[in-house]
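One structure is given below, encoded as structure tokens.
The values are calculated or read from the model by the stated rules, or taken from the named source; none is laboratory data. Values in this document were obtained by computation on a predicted structure and should not be read as measured data. In this analysis, Cβ positions are derived from the backbone assuming ideal geometry, glycine residues included, and neighbour counts consider all displayed protein chains. Side chains are part of the model used for accessible areas, which takes the heavy atoms of the whole protein and leaves out ligands, DNA and RNA. Shrake-Rupley method; radii C 1.70, N 1.55, O 1.52, S 1.80 Å.
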Amino acid sequence: MKAILSADKNWGIGNKGSLLINIPSDMKFFRETTSGHVVIMGRKTLESLPAGQPLVNRTNVVLTRDKKYKAPSGVVVVHSVEELLSLYSDWDQDDLYVIGGGSIYKELLPYCDTVYVTKIDYAYQADTFFPNLDEMPEWEMVYESEEQTCFDIEFAFTRYERVKQ
């Protein structure tokens, strides 16, 4: 399983239910990386997508504790990590991408072996954070792109991998 996100320099990922910033090349990377795969998200993340609709050309899975939740057509709903894992136990784990929000990332990070982080060199006002992988000995940054810019925003595409014990 993999996770994919953009984070500011404090590992902030969102504020008031929205992304901190929209960077076109980051959105393109997200689209190209997750297209044709399974994306796993929480209810609020699904509802934050355009018109609350699932992402096209992906299998959309919502993990929610709300047993009465009615998702839009084409969305698979699971109510626990165990249900998610049993549903996808036969799948190649490289096909599964966790896309948010904050509580879903925290819950599924122990099952991830790769995390793609678009690191933004700026501290935004944020109320949702991703765990700081740089402070976790079980994670190692194995790739960092050259610095990119979008107007005056500087960022880099990075990849972290779980350290093999």
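Here are the numbers for the structure shown:
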read-out: Burial ranking of peptide ranges 100-106, 126-132, 87-93 (average Cβ count within 10 Å, highest at the top); value: 100-106, 126-132, 87-93
read-out: Spherically averaged projected area in nm², based on the convex hull that wraps the Cα atoms of the chain; value: 9.9
read-out: 24 Å Cα-Cα reach of LYS164 towards lysines, excluding residues that sit fewer than 8 places from it in its own chain; value: LYS2, LYS106, LYS119
read-out: Proximal charge balance of PRO50 [Cβ under 15 Å; K/R count +1, D/E count -1]; value: +2
read-out: Percentage relative contact order, the range 52-141, counting C-alpha pairs under 8 Å, at least six apart; value: 18
read-out: Accessible carbon and sulfur surface of the chain relative to its total accessible area, %, 1.4 Å; value: 49
read-out: Crossing angle, helix 24-34 versus the chain [Cα axis fit, 0-90 degrees, rounded to tens]; value: 40
read-out: Antiparallel content of DSSP bridges confined to the range 1-154, in %, to 5; value: 20
read-out: Zero-based 5 Å bins, Cα pair distances in the range 50-108, whole percents; value: 4, 15, 28, 30, 18, 5, 0
